[in-house]
Amino acid sequence: MMVATLGFMGLHCIQLPSVAASDKPAPQQNQFAPRQTLLVLGDSWSAEYGLQRGQGWVSLLDAKLKASPTYRDIRIINASISGETTAGGVSRLPALLEKHQPRWVVIALGGNDALRGLPLETTRSQLLAMIKASKARSAKVLLIGMRMPPNYGSYGQSFERLFPVLAKEQQVGLVPFLMQGKEFDLSLFQADRIHPNEAAQPHMLAQAWPAIEVLVRPAGVEPARSQ
């Protein structure tokens with residue numbers, strides 16, 4: 001959670017009697033397993049805080065997937081809540097996994113922990129619990145990191161390092177930071193200088209997309225070329 005004021009913030013089968021069964025073309029199979037749900041578990045940065053519905057980076061991701069012949073069948077469940085902490089995520093995740101049975105889980109939490117000065121080990125253990133709970137349901141996980149402004153000192157530096165270390169240990173994907181390279185651009189933040197505004201959302205999606213595409217891309221499908 002970057003604070004800008006502090007420095008940066010089914011197919012029908014038609015049978016033709018004249019065609020032998022062995023000569024029939026094989027029915028096309030969906031490239032995905034039956035579960036095609038991507039669950040996003042985040043805080044205000046993913047919950048469209050201060051934005052009109054449909055403007056946030058998760059909504060833009062949904063539109064991007066629906067526009068793609070490869071990914072259009074993926075359903076996104078945005079379970080993000082403004083003010084959410086990792087403790088809240090740990091509490092809510094089991095029911096979300098049970099209800100939606102996602103194939104992929106994107107975890108974008110931790111910023112509110114740091115803003116409250118919670119112990120880093122608490123944040124780490126709760127992120128780890130969410131990763132393990134998702135894996136136990138055979139879901140692939142992507143972790144989205146957070147950063148704090150420079151005045152958080154060694155605490156902020158240790159907080160930032162927590163995400164890549166945990167991602168490496170658990171062998172899950174990582175997006176370092178959704179506002180990468182734009183954290184000092186106040187024109188991309190709302191009046192509170194904490195939450196990214198509408199203009200920032202495409203940049204946030206651009207930061208997340210490469211890792212998300214790796215997460216959901218079926219075997220044998222080449223990554224999309226950059227536009």
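The values are calculated or read from the model by the stated rules, or taken from the named source; none is laboratory data. This is a predicted model, so every value here is computed, not measured. Cβ sites come from the backbone with ideal geometry, for glycine too, and all protein chains shown count toward neighbours. Surface accessibility is based on the protein's heavy atoms, side chains included, excluding ligands, DNA and RNA. Shrake-Rupley method; radii C 1.70, N 1.55, O 1.52, S 1.80 Å.
Hey, if you put +1 on the Cβ of every Lys and Arg and -1 on every Asp and Glu Cβ in segment 127-201, which of Leu143, Gln180, Ser154 ends up farthest toward the positive end of that dipole?
Going by the Cα projections, it comes out as Leu143.
First select every other residue whose beta carbon is under 14 angstrom from the beta carbon of Ser82; then total the charges, Lys and Arg +1, Asp and Glu -1.
-2
Taking H as built 1.01 Å from N, whose amide H comes closer than 5 Å to the amide H of Thr37, not counting residues under 5 places away?
For Thr37, whose amide H was placed from the backbone, the distant partners under 5 Å are Arg75, Arg103, Trp104.
Taking a 1.4 Å probe, which of Leu143, Leu205, Leu186 shows the most accessible area, and what order do the others take after it? Could you put the intermediate results ahead of the total?
Values: Leu143 0, Leu205 20, Leu186 75 Å².
Sorted by accessible area, descending: Leu186, Leu205, Leu143.
Over segment 50-169, what percent of the accessible surface lies on carbon and sulfur atoms, probe 1.4 Å?
52
With a sphere of radius 14 Å drawn around the Cβ of Ala114, what net charge do the other residues whose Cβ falls strictly inside it have (Lys, Arg +1; Asp, Glu -1)?
Taking every other residue near Ala114 into account, the sum is -1.
What does the extension gain come out to for Val221 and Gln171, with contour length at 0.36 nm per residue minus their alpha carbon separation?
Between Val221 and Gln171, full extension yields 15.8 nm more.
By how many nm would the segment from Phe184 to Glu121 lengthen if fully extended, with 0.36 nm per residue of separation less the alpha-carbon distance?
So the extension gain works out to 19.9 nm.
With a Förster radius of 41 Å, plug the Cβ-Cβ distance of Ala136 and Arg53 into 1/(1 + (r/R0)^6) and report the FRET value to the nearest 0.05.
It comes to 0.80.
Keeping all protein chains in the complex and leaving out DNA, RNA and ligands, what accessible area do you get for Arg147 with a 1.4 Å probe, in Å² to the nearest 10?
40
Taking θ as phi - 60°, what are the ³J(HN,Hα) couplings along segment 119-128 by the Karplus curve (6.51, -1.76, 1.60), each to the nearest whole Hz, with x for Gly and Pro?
x, 4, 5, 5, 4, 4, 5, 7, 5, 4
Return the long-range amide H neighbours of Val141 (sequence gap of 5 or more, or a different chain), with a cut-off of under 5 Å between placed amide H atoms.
Val105, Gly173
Residue by residue through segment 67-79, which ³J(HN,Hα) values in whole Hz follow from phi under the Karplus form 6.51 cos²θ - 1.76 cosθ + 1.60 (θ = phi - 60°), with glycine and proline marked x?
Each residue's phi maps through the Karplus curve to give 7, 9, x, 7, 10, 5, 8, 6, 9, 9, 10, 8, 9 Hz.
Give me a comma-separated list of calculated 3J(HN,Hα) values for segment 136-152, in order, Karplus coefficients 6.51, -1.76, 1.60 applied at θ = phi - 60°, integers in Hz, x for any Gly or Pro.
Ordered by residue, 3J(HN,Hα) equals 4, 9, 6, 9, 7, 10, 10, 9, 9, x, 9, 10, 10, x, x, 5, 7 Hz.
Count the net charge of all other residues whose Cβ sits under 11 Å from the Cβ of Asp62, scoring Lys and Arg as +1 and Asp and Glu as -1.
It works out to a net charge of +4.
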